[in-house]
Amino acid sequence: MKKIAWAFTISSILLVAGCKDYYDVTNDPITYGQTYFKPALKTYKAVYKPGETVKFTLEEELPGNATVAYTHLGEVIKEENMSGNSWTWKAPADDFQGYLVYVYRKDDAEKKPLYSIAVDVSSEWTKFPRYGFVSQYDLMSADAIARNVDNLSRFHINGVQFYDWMHDHQKPLAGSVANPAESWPDLIGRTNYKSTVAGYIQAMHDKGMKTMFYNLLFGALDNAASDGVGENWYLFKDQEHQEKDMHPLDPPFRSSIYLTNPANPDWQTYINKRHQEVYEVFDFDGFHIDQLGNRGTVYDYDGNSIDLAASYGSFIAATVVKFPDKYHVMNSVAQYGQEQSIGPSGVDFLYTEVWDPYNTFDQLTGIIHDNYRFSGYTRNSVLAAYMNYAKSDKAGFIHEPSVLLTNAVIFANGGAHLEVGEHYLANEYFPNNNLRMKGTLKDKLITYYDFMVGYQNLLRDGGEMVVPSVTATDVTLHNGTAVQGGVTVYGRKLANKDVFHFVNFIHATTMEWRDDYGVQAEPNLIQDMEVKIPVTRTVKRVWVASPDQNAGVAQNISVTQQGMEITVKLPQLKYWDMVVVEYE
């Protein structure tokens, strides 16, 4: 996943190498107190099948008058009294549904949530992809692996990209199928261990997650000829095949990366055989296909100009045919190749690594909307969007308002954000862990992921994304457009519901989502914002939910309808509120 691939300093490499287990920071006297957070309420798995038993555990005893409420799209479907610190619930039989579960005191008239958590009941992860990553494979204990996987599971990550797990790009499996290597150097010379890779795969499968091995679709190192890579398979910068296209890398990298022609059938056959070797040794569920973006004018060995963006479709098709039972997703670097070949192909969801010129919030939402269209309105998107990127070459903390505001925009528009792994992801070289999450941010970010899962049928389950026509009395609203100094409203129409997302940019310091240096202001709380919403028929009820308040649990709000317009008052708006209008 690279635009200016692996653009980092030697000092940042040393910082990466020195942190083997990001969340195990108890020996760090400076940051431990700030980064530590242990979620109280957990489920055993990241995703459940319809009808499966869900086990909940709480780190502390429930109060004697505790009640557990199971909700779906703002309605309580079951309540039961609870005691102790663990219980089970049989998930409903309906497939592809999100639920929000919360605990409250029975004697609390307001039913204020004490704890909450979401449950995803889906038989197939690619319907609502929530992508995470791992990037370090040194000799890890089963306990260390379990801690990282438990963390991913609490964020409901249902698919994991194994970044730079392999040996050489053209020969990702070290050793042979009959005698695989127990350890091997990766591209930068780190020692990766077979036991760690296999241990991660098994631990993730136990949590219901799928595992995707990473590789370029056209990468070969300087030793590739000895592995059988043909000279006439490469891409060249000239028609006389004198200069191979390459991505230059200096030491400590073991080699630069030379690019093959992804449309060359001999290369496709070769690399698919190498990937077959991977599958025979490791129980990966699929292939995360990477590229390097627009390479300018390139030629094949015979001097023919290659339309690289169009060539991706041929490569994907050959891979899907070879491995029909595996998952496939391909990175589109700054949307390169997305419309021409990746979106219409057989990938299971769309994935964009966001770079220039997609710098503003509007451009970010445009990617999600375009991807939905490119896939024939059938597949959701994940964005690799690196927050506070300019700060990632030095140790520090990720900026909370940057992350929450950007995630509000991504989630409200139906996307997901690749950001959670052994550490927070702020750089295209995934092992770079310089920017850590404070415990306060981790707490809030888990609630955001609970919200995305609990309301996934409103956020990511079809419908029509629309530009609404909402107005307000005392606040400047902008419908469908992110404007500094106002509140933006995004809309989605479903069969019997209209959904409106209010995102607060009133005090925004910058309208560039990446917020390179972490200057984004925390929004001021807006209370009792009165809004008028056009409707199409008689309204049954209106409710609001937000990851910023009430633990994400929905609250009914009063509504006045006059003709084809309703007036409602939002109790509070911090970063993001979702208002749902239900019709008779």
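Things to note:
- Number of the condition not met by Q562 [criteria: (1) touching a residue at least 12 places away in the same chain (Cβ under 8 Å); (2) over 30 Å from G376 (Cα atoms); (3) surrounded by fewer than 21 Cβ atoms within 10 Å (Cβ to Cβ); (4) not hydrophobic (A, V, I, L, M, F, W, C)]: (1)
- Every residue from segment 322-343 that is part of a helix (DSSP H, G or I) and buried (at least 22 other Cβ atoms within 10 Å of the Cβ): Q338, S341, I342
- Verdict on Q276 being in the same structural domain as G313 (by TED's automatic domain parsing), of a type in the set (S, T, N, Q), closer than 21 Å to S311 by Cβ and in contact (Cβ under 8 Å) with a residue 12 or more places away in the chain: no
- Strands (runs of 3 or more DSSP E) completely within segment 457-546 that count 3 or more residues being among the β-branched types (V, I, T) and in contact (Cβ under 8 Å) with a residue 12 or more places away in the chain: 487-493, 526-534, 539-545
- Among the residues of segment 267-294, the one identified as in contact with a helix residue (DSSP H, G or I) (Cβ under 6 Å, 6 or more places away or on another chain) and of a type in the set (D, E, K, R) is D283.
- Any hit, segment 314-321, residues being touching a residue at least 40 places away in the same chain (Cβ under 8 Å), assigned to a loop (DSSP other than H, G, I, E, B) and assigned by TED's automatic domain parsing to the domain that holds Y131: no
- Summed over segment 327-370, the residues that are touching a Gly at 6+ places or on another chain (Cβ under 8 Å) and on the phi > 0 side of the Ramachandran plot give a count of 1.
- Selection count where residues are over 26 Å from the mean Cα position of the chain (by Cα) and either modelled with pLDDT under 95 or crowded, with 16+ Cβ neighbours inside 10 Å (or both), scope segment 196-236: 8
- Considering segment 210-293, the qualifying strands (runs of 3 or more DSSP E), each wholly inside and each with 2 or more residues that are aromatic (F, W, Y), run over 210-216.
- The strands (runs of 3 or more DSSP E) falling completely within segment 99-192 that include 1 or more residues that are in contact (Cβ under 8 Å) with a residue 24 or more places away in the chain, under 30 Å from G230 (Cα atoms) and of a type in the set (A, V, I, L, M, F, W, C) map to 159-162.
- Residue satisfying condition, being more than 15 Å from P129 (Cα to Cα) and not charged (D, E, K, R), within set Y336, Y327: Y336
- For the residues G366, G346, the requirement of being assigned to a loop (DSSP other than H, G, I, E, B) and surrounded by fewer than 17 Cβ atoms within 10 Å (Cβ to Cβ) singles out G346.
- All positions within segment 431-449 that are out of contact with any Lys or Arg (no Cβ under 9 Å at 6 or more places or on another chain) and either in the same structural domain as I533 (by TED's automatic domain parsing) or not in a loop (DSSP other than H, G, I, E, B) (or both): R436, T440, L441, K442, D443, K444, L445, T447, Y448
- Among the residues making up segment 66-98, those that are assigned to a strand (DSSP E or B), surrounded by fewer than 16 Cβ atoms within 10 Å (Cβ to Cβ) and among the hydroxyl-bearing types (S, T, Y) are S86, T88.
The values are calculated or read from the model by the stated rules, or taken from the named source; none is laboratory data. Note that the structure is predicted; figures quoted are calculated from it, not measured. Cβ sites come from the backbone with ideal geometry, for glycine too, and all protein chains shown count toward neighbours.
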